[in-house]
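Here's the structure, in structure tokens; my notes come after.
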Amino acid sequence: MDIPSKYDPAQTEDKWYDYWMKNGFFKAKADNNPEKFCIVIPPPNVTGVLHMGHMLNNTIQDVLVRRARMLGKNTLWVPGTDHASIATEAKVVAKLKDEGIDKNTLTREEFLNHAWEWKEKHGGIILEQLKKLGASCDWDRTAFTMDEILSESVLDVFIDLYEKGLIYRGIRMVNWDPQAKTAVSDEEVIYTEENSKLYYVKYKVEGSEDFITVATTRPETILGDTAVCVNPNDQRFTKFHGKNVVVPMVNRVVPLITDEYVDMEFGTGALKITPAHDINDYEIGIRHNLPSIDIFNDNGTLSEKASLFVGEDRFVARKSSVKLLEELQCLVKSEDYMNKVGRSERTNSVIEPKLSLQWFLKMEELSKPALENVMNDTIKLFPSKYKNTYNHWMENVKDWCISRQLWWGHRIPAWHLPNGQYVVAKTAAEAVLKAKEKYNLSLNEEQVKQDEDVLDTWFSSWLWPISVFDGIRNPENPDFKYYYPTNDLVTAPEILFFWVARMIIAGYEYAGDKPFENVYLTGIVRDKQRRKMSKSLGNSPDPIELMKIYGADGVRVGMLFCSPAGGDLLFDESMTEQGRNFGNKIWNAFRLVKTWEIDENIEQPLASKQAVEWFDAKLNETIGVLNEQYEQYRLSEALMTVYKLFWDEFSAWYLEMIKPAYQQPIDKKTIDSTIEFFDKLVRLLHPFMPFITEEIWQYLYERKDGESLMISAMPVFSGKNDSIKIEKFEAAKEIISSIRNIRKEKNIPLKEQLELNFVRSRDYFEDYNSVIEKLGNLSEIKEVNEKLEGASSFMAKTVEFFIPLGDKIDVEEELKKLREELEYTKGFCLSVSKKLDNQNFVSNAPAKVVEMEQKKKSDAELKIKALEEQIKSLIT
């Protein structure tokens, strides 16, 4: 068998991915298998290209999916993309601008034609990139949130919720994004501390020479003021109660009102009230029946209602206002101020609170099952620390503003009638029928006008686990009945409320069940300086380039090496290099084994027999540990467990134990066991490193076309550990390592045989003597009754060992080593004694733990005695 000397990812990755696809190994369909495993991908934006967050998220999903498939479960990973209203519309508008086309000159239909064309050209890029990573999705099921089935599901849900009285239309204060020219939800506003100015402005009390000074960070909004407000208990302003004040710049006479909302300690104790442009002012305005003056256009410029600075951008108007206030001698002073500023998550534009006619969904009653079933662990969050955050948000949930002032998206199925009313219906024809039924209006389809707004993108993706299986329109279909609820969701904590909570709400409302059983919340990918990776900082490597350099397996392993469960990932490119090096280690070990000549006629050496028995026990123990780590979603630890099993136990110990002498053959029994171990190891590694493991697995035995590692069975834990065998071999390792240390210290070459003597104690056993002799290159292992003079000594557990060295022994060096070991052992013994002297520990710890500590103390005392005697013998 011609095995290449080096593993080349470029030669193997596309080969095996194409092979998996050709054979349909990723495909799944509902059947009678009682064990199913299903994940729906968090749909990336159709505008997106692969970034490091996607790499982490999809690596984790693929690890879970590949393992489930190898456990014999009916396994389905549903891929897809999100139409991303704001982001996609912005991309299309920018593209049109580059072509000299203004969106405002296009009809809605013309613009949507451009948008669909852009989507068809760019929308699949990220999914193709995920294939390079090795993502084993059922690509035939690829969904898009504006596909016909999903779109119709969205409209059906809107209509249903409206008919249940849960969707309403009204004028409310919303978060307005002037760049995207749309409302955004509270969850889509990111607040940051920013340097700004606090301006102190005088408002003249009407009919007097008195002034009331107000502090504001937004002097341009003075143009929309309709009152000044003070706390009724603030004695500084009692004499002004019931009077009016004059708004500077526009000379508008407004009332001075009192409200306990005002904090007497903040600023000057007096607030300017602008009901159209501040949520708190809006609430005060309602209580005091104040008029609202909206001074901003949708794009953030000043409107005709502002009277001054019309057409100026709001931030330009701020400077103009300050200048005019100075000229009018109304500006008392300004000072630096650290202010909390809300920015749009999508465009980073500063949010403008704005009164707007929008569509809302009542959330209070809808969200109750979603809160209850996370808090009682029907749906488990990993890590569980996020339950507190989830609970806080859900207990304080607000109505959801679901309308967006865009063209790309699901158009709201509401139809406006000539009489000023509206009806909610899927089509114009249905709207005409409802107009007749509800208002006795005889209309034709031309007379009903569909609402211009589209639905918030999250209003489609909250149905994702249901709508990808057509569960809204056709809840009895076999796919939905079999795969819903799904098993795991892997996503980022920053969309716990945007998406996860809302999917849970929709699941209970429309499927009567949870959408998934477990939610694994990944950390944020950061650089070594703990900064979030972003294009603007230039600190985010291109994942495709990383995969070209280190291979997909190397990058997958490197990402998980950096990724503690639920903690932020501090990405370090050296970890992907370590991932590639691990792949090389596996390949080199495989080639070594495959180059050994086999002699079917020779007996299996005792050392090899013991090595096989030990590694079989160690492998079984590790499978048990891995199962526990997977169950707890400690995937980074699971990777490290199998990494250490291969690198430390299999390569560093097992292969050394069975390796034949130079130019000598290996026996058939040992090589068969070794190939079988290799087969099990690549199965355990496959979820993490799918490509190299498939390549090796295909080489291990003669394979037929259509066979694959990815559909082979995962090794099974026997149910019981041979802990005694494993513990005894750990003691043998300690002896071998000590012999190697002595060789190194004394510059004794490995080819020179040594004699090992020991004084028997309760911890001595002969089980692995043949292994110790082979790896230590010993002429014999001999029991003696007393300590040997002129010998280098060491202890393993409570057993004293001596290697006669004749004139090679350096007494001073030997004493130094023994004294250091004695000092360490005394310190260890003291710490164990303190623990055992602690009555709380002894009373509360399990009996086995106390027993173990007592044995540690007893062993340490025996070791101290032996070390003191060795030191004494060298001195005398």
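Here are the criteria: (1) more than 22 Å from Ser712 (Cα to Cα); (2) open to solvent by less than 10 Å² (accessible area, probe 1.4 Å); (3) touching a residue at least 40 places away in the same chain (Cβ under 8 Å). Tell me which single one Leu96 does not satisfy.
So the condition that Leu96 fails would be (3).
For the range 559-588, which positions are in contact with a Leu (Cβ under 8 Å, 6 or more places away or on another chain), open to solvent by less than 10 Å² (accessible area, probe 1.4 Å) and within 17 Å of Met689 (Cα to Cα)?
Selection gives Met559, Leu560, Ser563, Thr576, Ile586.
List every residue pair whose Cβ atoms sit under 8 Å apart, with the two residues 6 or more apart in sequence or on different chains, where the first one lies in the range 223-241 and is over 30 Å from Leu308 (Cα atoms) and outside any helix (DSSP H, G or I) and the second, anywhere, is open to solvent by 10 Å² or more (accessible area, probe 1.4 Å) and among the aliphatic types (A, V, I, L, M).
Asn231/Met264; Asn233/Met264; Asp234/Met264
Within the range 72-86, restricting attention to residues that are of a type in the set (A, V, I, L, M) and under 22 Å from the mean Cα position of the chain (by Cα), which residue is farthest from Trp462 (Cα to Cα)?
So, considering only residues that are of a type in the set (A, V, I, L, M) and under 22 Å from the mean Cα position of the chain (by Cα), the one farthest from Trp462 (Cα to Cα) is Leu76.
Looking at (1) charged (D, E, K, R); (2) at pLDDT below 95; (3) more than 29 Å from Tyr520 (Cα to Cα), which is the one condition that is false for Asp399?
For Asp399, the failing item is (3).
Output the number of residues of the range 110-135 satisfying the condition of being of a type outside the set (D, E, K, R), closer than 17 Å to Arg556 by Cα and open to solvent by 30 Å² or more (accessible area, probe 1.4 Å).
Residues flagged as of a type outside the set (D, E, K, R), closer than 17 Å to Arg556 by Cα and open to solvent by 30 Å² or more (accessible area, probe 1.4 Å) within the range 110-135 amount to 1.
Given the criterion closer than 30 Å to Phe382 by Cβ, in a helix (DSSP H, G or I), without any contact (Cβ under 8 Å) to a residue 24 or more places away in the chain and open to solvent by 30 Å² or more (accessible area, probe 1.4 Å), identify the matching residue among Glu621, Glu628, Glu637.
Glu628
Considering only residues of the range 508-539 that are among the polar types (S, T, N, Q) and in contact with a strand residue (DSSP E or B) (Cβ under 8 Å, 6 or more places away or on another chain), which is farthest from His686 (Cα to Cα)?
Asn518
If you scan the range 3-37, which residues turn out to be closer than 13 Å to Asp553 by Cα and outside any helix (DSSP H, G or I)?
Within the range 3-37, Tyr7, Asp8 meet the criteria.
For the range 665-676, which positions are surrounded by fewer than 19 Cβ atoms within 10 Å (Cβ to Cβ) and touching a residue at least 60 places away in the same chain (Cβ under 8 Å)?
Pro665, Lys668, Lys669, Ile675
Could you figure out which of (1) modelled with pLDDT of 95 or more; (2) crowded, with 18+ Cβ neighbours inside 10 Å isn't true of Arg591?
(2)
Restricting to the range 49-74, name every residue that is open to solvent by 10 Å² or more (accessible area, probe 1.4 Å) and either acidic (Asp, Glu) or touching a Lys or Arg at 6+ places or on another chain (Cβ under 7 Å) (or both).
Across the range 49-74, the qualifying residues are Lys73, Asn74.
Here is a list of conditions, (1) open to solvent by less than 40 Å² (accessible area, probe 1.4 Å); (2) part of a strand (DSSP E or B), and Ala180 meets all of them except one; can you say which number that is?
So the condition that Ala180 fails would be (2).
Condition test on Glu395, is it free of Cβ contacts under 8 Å to residues at least 60 places away in the same chain, closer than 20 Å to Ile495 by Cβ and either open to solvent by 60 Å² or more (accessible area, probe 1.4 Å) or under 24 Å from the mean Cα position of the chain (by Cα) (or both)? Step through it out loud before you land on a result.
On the way: free of Cβ contacts under 8 Å to residues at least 60 places away in the same chain: yes; closer than 20 Å to Ile495 by Cβ: yes; either open to solvent by 60 Å² or more (accessible area, probe 1.4 Å) or under 24 Å from the mean Cα position of the chain (by Cα) (or both): yes.
Spelling it out, Glu395 is indeed free of Cβ contacts under 8 Å to residues at least 60 places away in the same chain, closer than 20 Å to Ile495 by Cβ and either open to solvent by 60 Å² or more (accessible area, probe 1.4 Å) or under 24 Å from the mean Cα position of the chain (by Cα) (or both).
Under the condition of being open to solvent by 80 Å² or more (accessible area, probe 1.4 Å) and in a helix (DSSP H, G or I), which residue from the range 742-758 is modelled with the highest pLDDT?
The qualifying residue modelled with the highest pLDDT is Lys744.
Looking at Val341, Val322, which one is of a type in the set (A, V, I, L, M) and closer than 30 Å to Ala90 by Cβ?
Val341
Between a first residue in the range 414-433 that is closer than 16 Å to Ser403 by Cα and in contact (Cβ under 8 Å) with a residue 12 or more places away in the chain and a second residue that is among the acidic types (Asp, Glu) and surrounded by fewer than 22 Cβ atoms within 10 Å (Cβ to Cβ), which pairs have beta carbons less than 6 Å apart while being 6 or more apart in sequence or on different chains?
Ala414/Asp451
Out of all the residues in the range 272-323, which are assigned to a strand (DSSP E or B) and open to solvent by 40 Å² or more (accessible area, probe 1.4 Å)?
Asp313
Might you let me know whether the range 528-535 holds any residue that is without any contact (Cβ under 8 Å) to a residue 60 or more places away in the chain, assigned to a loop (DSSP other than H, G, I, E, B) and under 30 Å from Trp587 (Cβ atoms)?
From the range 528-535, those without any contact (Cβ under 8 Å) to a residue 60 or more places away in the chain are 528-532, 534-535; that's our starting set.
From what's left, assigned to a loop (DSSP other than H, G, I, E, B): 528-531, 534-535.
With under 30 Å from Trp587 (Cβ atoms) added as a condition, the list becomes 528.
There is at least one residue in the range 528-535 that is without any contact (Cβ under 8 Å) to a residue 60 or more places away in the chain, assigned to a loop (DSSP other than H, G, I, E, B) and under 30 Å from Trp587 (Cβ atoms).
Going by the structure shown, is Trp408 of a type in the set (Phe, Trp, Tyr) and either open to solvent by less than 20 Å² (accessible area, probe 1.4 Å) or in contact with a Pro (Cβ under 6 Å, 6 or more places away or on another chain) (or both)?
Yes; evaluated as a whole, the condition is true for this residue.
Could you go through the range 482-504 and let me know if any residue there is out of contact with any Pro (no Cβ under 7 Å at 6 or more places or on another chain), among the hydroxyl-bearing types (Ser, Thr, Tyr) and surrounded by fewer than 21 Cβ atoms within 10 Å (Cβ to Cβ).
Checked against the condition, which is being out of contact with any Pro (no Cβ under 7 Å at 6 or more places or on another chain), among the hydroxyl-bearing types (Ser, Thr, Tyr) and surrounded by fewer than 21 Cβ atoms within 10 Å (Cβ to Cβ), the range 482-504 yields at least one hit.
Any residue at all in the range 243-251 that's touching a strand residue (DSSP E or B) at 6+ places or on another chain (Cβ under 9 Å), free of Cβ contacts under 8 Å to residues at least 24 places away in the same chain and crowded, with 17+ Cβ neighbours inside 10 Å?
No, there is no match, as no residue in the range 243-251 is touching a strand residue (DSSP E or B) at 6+ places or on another chain (Cβ under 9 Å), free of Cβ contacts under 8 Å to residues at least 24 places away in the same chain and crowded, with 17+ Cβ neighbours inside 10 Å.
Residues Glu445, Glu352, Glu365: which one is under 35 Å from the mean Cα position of the chain (by Cα), surrounded by fewer than 16 Cβ atoms within 10 Å (Cβ to Cβ) and not aromatic (Phe, Trp, Tyr)?
Among Glu445, Glu352, Glu365, only Glu365 is under 35 Å from the mean Cα position of the chain (by Cα), surrounded by fewer than 16 Cβ atoms within 10 Å (Cβ to Cβ) and not aromatic (Phe, Trp, Tyr).
Of all residues in the range 505-526 being assigned to a helix (DSSP H, G or I) and either modelled with pLDDT under 95 or hydroxyl-bearing (Ser, Thr, Tyr) (or both), which is surrounded by the most Cβ atoms within 10 Å (Cβ to Cβ)? Spell out the reasoning first.
Residues of the range 505-526 that are assigned to a helix (DSSP H, G or I), as a first pass: 505-510.
Checking the rest, the ones that are also either modelled with pLDDT under 95 or hydroxyl-bearing (Ser, Thr, Tyr) (or both) come to 508, 510.
Details: Tyr508: 19, Tyr510: 21.
The residue in question is Tyr510.
So, in the range 333-349, exactly how many residues are closer than 22 Å to Phe296 by Cβ, touching a helix residue (DSSP H, G or I) at 6+ places or on another chain (Cβ under 9 Å) and open to solvent by 20 Å² or more (accessible area, probe 1.4 Å)?
Going through the range 333-349 one residue at a time, the tally reaches 3.
State yes or no: is Leu655 touching a Phe, Trp or Tyr at 6+ places or on another chain (Cβ under 8 Å) and touching a residue at least 60 places away in the same chain (Cβ under 8 Å)?
Criteria not met by Leu655.
Taking Ile602 as the residue in question, decide whether it is outside any helix (DSSP H, G or I), in contact (Cβ under 8 Å) with a residue 60 or more places away in the chain and surrounded by fewer than 21 Cβ atoms within 10 Å (Cβ to Cβ).
Judged against the criteria, Ile602 is a match.
Would you be able to tell me the number of residues in the range 714-732 that are part of a loop (DSSP other than H, G, I, E, B) and of a type in the set (A, V, I, L, M)?
Selection size over the range 714-732: 2.
The values are calculated or read from the model by the stated rules, or taken from the named source; none is laboratory data. Being a predicted model, the structure only gives us computed values, none of them experimental. Quick reminder, even Gly has a Cβ in these numbers, built from the backbone with ideal geometry, and neighbours come from all protein chains shown. Heavy atoms of the whole protein, side chains included, go into the accessibility calculation; ligands, DNA and RNA do not. Shrake-Rupley method; radii C 1.70, N 1.55, O 1.52, S 1.80 Å.
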